[in-house]
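What follows is a short report on a single structure.
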Amino acid sequence: MRYSFLILVLIVGFYSCKKEGKIGLQSLIKVEELPASATCPAGGITLSTGIDKNRNGVLDEVEINSSYPVCNGQSSMGDKQIVLPLNFAANTTNTQPVMGGDLIKFNKNYYPGVDSITLIGNPYVGQTTNTSRIELYNLTDGVAIANSLIETSKLYNERSFLETGNLFDFLPDKEIQLGIRLQSAINGQFAASGTCFLVLYRH
Ligand SMILES: [Ca+2]
């Protein structure tokens with residue numbers, strides 16, 4: 001698995017299309033690479049969550065209130081959460097959508113107990129006047145997954161991970177190849193997909 005960033009700071013947001021006013025303190029997720037161990041034989045990531053009490057945009061050690069491992073390549077019933085990379089990192093300067101990604105043979109029904117599936121991504125733009133749009137894309141049938149739009153006007157250095165709402169009901173009941181559709185809102189301006197993951201949650 002490729003977690004090229006040693007430490008990523010994710011900001012959880014449930015705004016796919018609509019932007020809501022930021023009030024109060026923000027809940028953050030920190031992702032750290034986890035070496036292979038008895039817990040995770042194939043390695044994985046450690047997900048830590050907490051509130052950004054000092055509002056510095058970083059989940060500091062003292063702010064962590066929950067931390068747990070997410071193993072690579074393990075899909076036992078014991079996993080509360082499964083993170084699948086979509087392997088799509090692209091950019092465009094065109095309003096014409098770009099599609100790609102290689103999450104092959106995906107079928108939501110192969111994961112008993114999973115009742116929530118979200119897209120997490122950290123797209124960004126070259127200029128804040130532009131908006132980068134990513135959507136989960138069914139490459140097998142050539143259609144976007146409904147309600148999976150994530151959009152942002154954040155620059156690379158300010159980008160953060162954003163998460164859609166639950167897409168479970170919008171994914172088909174069959175095996176498909178999943179990817180990402182990327183689009184720049186303004187022709188001639190740079191937009192990038194960032195890194196995208198599909199996250200499956202068990203009840
Ligand atoms: Ca902080």
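The values are calculated or read from the model by the stated rules, or taken from the named source; none is laboratory data. Worth saying up front: this structure is predicted, and the values here are computed from it rather than measured. Methodologically, a virtual Cβ is constructed for each residue, glycine included, from the backbone with ideal geometry; neighbour enumeration extends over all protein chains shown.
Among the residues of segment 24-59 satisfying the criterion of being within 16 Å of the ligand (Cβ to nearest atom) and of a type in the set (Gly, Ala, Ser), which is modelled with the lowest pLDDT? Filtering first and then ranking leaves GLY24.
If a residue has to be more than 16 Å from GLN26 (Cβ to Cβ) and surrounded by fewer than 14 Cβ atoms within 10 Å (Cβ to Cβ) to count, how many in segment 40-56 make the cut? Number satisfying all stated conditions: 2.
Scanning segment 134-190 for residues that are farther than 15 Å from PRO123 by Cβ and of a type in the set (Phe, Trp, Tyr), which turns out surrounded by the fewest Cβ atoms within 10 Å (Cβ to Cβ)? Among them, the one singled out is PHE168.
Listed by first and then second residue, the pairs with beta-carbon distance under 6 Å, at least 6 apart or on different chains, first residue in segment 34-59 and outside any loop (DSSP other than H, G, I, E, B), second among the β-branched types (Val, Ile, Thr) and away from the ligand (no atom under 16 Å from the Cβ), are LEU34/ILE45; LEU34/THR46; GLY44/VAL70; ILE45/VAL70; LEU47/VAL70. Somewhere in segment 65-79, is a residue touching a helix residue (DSSP H, G or I) at 6+ places or on another chain (Cβ under 7 Å), free of Cβ contacts under 8 Å to residues at least 40 places away in the same chain and within 16 Å of the ligand (Cβ to nearest atom)? Within segment 65-79 (the criterion being touching a helix residue (DSSP H, G or I) at 6+ places or on another chain (Cβ under 7 Å), free of Cβ contacts under 8 Å to residues at least 40 places away in the same chain and within 16 Å of the ligand (Cβ to nearest atom)), the answer is no, since none of the residues qualifies. Looking at segment 126-203, the strands (runs of 3 or more DSSP E) lying wholly inside it that each contain 2 or more residues that are within 21 Å of ILE82 (Cα to Cα) sit at 132-138, 176-184, 196-202. If you go through segment 153-179 and keep only what is in contact with a Ser or Thr (Cβ under 6 Å, 6 or more places away or on another chain), closer than 25 Å to THR128 by Cβ and not small (Gly, Ala, Ser), you end up with GLU163, THR164.
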